[in-house]
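Colleague: One structure coming up, written as structure tokens, with questions to follow.
The values are calculated or read from the model by the stated rules, or taken from the named source; none is laboratory data. Treat the numbers as computed from the prediction; the structure is a model and nothing was measured. Counting neighbours? That spans all protein chains shown, and the Cβs are built from the backbone with ideal geometry, glycine included. Protein only, heavy atoms only, side chains kept; ligands, DNA and RNA dropped before computing areas. Shrake-Rupley method; radii C 1.70, N 1.55, O 1.52, S 1.80 Å.
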Amino acid sequence: TYLYTGFCAAEDKSRHGAMVMVLGEDMLTVERKPEFIVPSHMYGSHTDFSGHEFFEASSIRKRGEKYYFVYSSVVMHELCYAISDDPLGPFCYGGVVVSNCDIGISDGKPADMPLAYGANNHGSIVAINGKLYVFYHRHTNNSWYCRQGCAEPVQFDGDHIVQAQMTSCG
């Protein structure tokens, strides 16, 4: 059993990134101490995660022989993913799964002015009836605290996730 965890504010040097550890059958005993798998903002420069470092919201999925670590990045409005052949890593940056930024949407506001640009995003990928969907949230009512749950279909190009397009219905 693997436990993925972490929280890393952008300028916090005390937090190094997302971690994975191996738990015993009782799910209480740590059999393998935590190891960093995706760097935080303070430790991500000069890596393939630069600009999309780990912030919070860990989730792991296996597809074929690859492991996909989904997380909220320091950019805040995007869910990103990292890929590995092993659940313990090493992981390489894969890309953006979905972004909840509302640039270009003109419903009650100018299209070039976001209501909650940079607001956070949390979610994961779920299989339903043989199809994959990314579940996430976007912000409403000009507030970081009003959130609308959304889902979009997920497509793959080989081993890589094609960024899902945020739709008006979600």
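Colleague: Would you confirm whether any residue within region 93-115 is modelled with pLDDT of 90 or more and over 17 Å from Q155 (Cα atoms)? Give the derivation first.
Modeller: Restricting attention to region 93-115, the residues satisfying the condition of being modelled with pLDDT of 90 or more are 93-98.
Narrowing further to those that are over 17 Å from Q155 (Cα atoms): 93.
Yes, region 93-115 contains at least one residue that is modelled with pLDDT of 90 or more and over 17 Å from Q155 (Cα atoms).
Colleague: From the set of residues in region 117-167 that are among the hydrophobic types (A, V, I, L, M, F, W, C) and open to solvent by less than 20 Å² (accessible area, probe 1.4 Å), which is modelled with the lowest pLDDT? Steps first, please.
Modeller: Start the filter on region 117-167 by keeping residues that are among the hydrophobic types (A, V, I, L, M, F, W, C), which leaves 119, 125-128, 132, 134-135, 144, 146, 150-151, 154, 156, 161-162, 164, 166.
Within this subset, residues satisfying the condition of being open to solvent by less than 20 Å² (accessible area, probe 1.4 Å) are 119, 125, 134, 150, 154, 161, 164.
Numbers: A119: 73, I125: 93, V134: 94, C150: 90, V154: 95, I161: 96, A164: 91.
Of everything passing the filter in region 117-167, A119 is modelled with the lowest pLDDT.
Colleague: Take H52 and tell me if it is assigned to a loop (DSSP other than H, G, I, E, B), under 30 Å from C169 (Cα atoms) and not hydrophobic (A, V, I, L, M, F, W, C). Reasoning before the result, please.
Modeller: Numbers: assigned to a loop (DSSP other than H, G, I, E, B): yes; under 30 Å from C169 (Cα atoms): yes; not hydrophobic (A, V, I, L, M, F, W, C): yes.
Criteria met by H52.
To keep it simple, each residue is scored yes or no on (1) buried (at least 18 other Cβ atoms within 10 Å of the Cβ); (2) assigned to a strand (DSSP E or B); (3) β-branched (V, I, T).
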position: E25; (1), (2), (3): no, no, no
position: L28; (1), (2), (3): no, no, no
position: R32; (1), (2), (3): no, yes, no
position: E35; (1), (2), (3): no, yes, no
position: H46; (1), (2), (3): no, no, no
position: M76; (1), (2), (3): yes, no, no
position: D86; (1), (2), (3): no, no, no
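Colleague: Okay, moving on. Take R63 and decide whether it is open to solvent by 60 Å² or more (accessible area, probe 1.4 Å), of a type in the set (K, R) and closer than 22 Å to S124 by Cα. Let's see the steps before the verdict.
Modeller: On the way: open to solvent by 60 Å² or more (accessible area, probe 1.4 Å): yes; of a type in the set (K, R): yes; closer than 22 Å to S124 by Cα: yes.
So R63 fits the description; yes.
Colleague: May I ask you to list pairs of residues, at least six apart or on different chains, whose Cβ atoms are under 6 Å apart, with the first in region 130-153 being in contact (Cβ under 8 Å) with a residue 40 or more places away in the chain and the second being among the acidic types (D, E) and assigned to a strand (DSSP E or B)?
Modeller: From region 130-153, the pairs are V134/E152.
Colleague: Looking at E78 and the list (1) modelled with pLDDT of 95 or more; (2) more than 10 Å from A18 (Cβ to Cβ); (3) among the acidic types (D, E), which single condition is not satisfied?
Modeller: For E78, the exception is condition (1).
Colleague: Quick check on region 33-71: of everything there that is among the polar types (S, T, N, Q) and modelled with pLDDT of 95 or more, which residue is farthest from E11 (Cα to Cα)?
Modeller: Filtering region 33-71 down to residues among the polar types (S, T, N, Q) leaves 40, 45, 47, 50, 58-59.
From the residues that got through so far, the ones that are modelled with pLDDT of 95 or more too are 40, 47, 50.
Details: S40: 9, T47: 17, S50: 14 Å.
The residue in question is T47.
Colleague: Only one of (1) in contact (Cβ under 8 Å) with a residue 40 or more places away in the chain; (2) open to solvent by 20 Å² or more (accessible area, probe 1.4 Å); (3) part of a strand (DSSP E or B) is not met by V20, so which one is it?
Modeller: (2)
Colleague: Please go through region 1-17 and give me each residue that is part of a loop (DSSP other than H, G, I, E, B), open to solvent by 30 Å² or more (accessible area, probe 1.4 Å) and under 18 Å from I60 (Cα atoms), ordered by number.
Modeller: Within region 1-17, the subset part of a loop (DSSP other than H, G, I, E, B) is 1, 6-16.
Right, trim to open to solvent by 30 Å² or more (accessible area, probe 1.4 Å) and you get 1, 7, 9-16.
Those that are part of a loop (DSSP other than H, G, I, E, B), open to solvent by 30 Å² or more (accessible area, probe 1.4 Å) and under 18 Å from I60 (Cα atoms): T1, F7.
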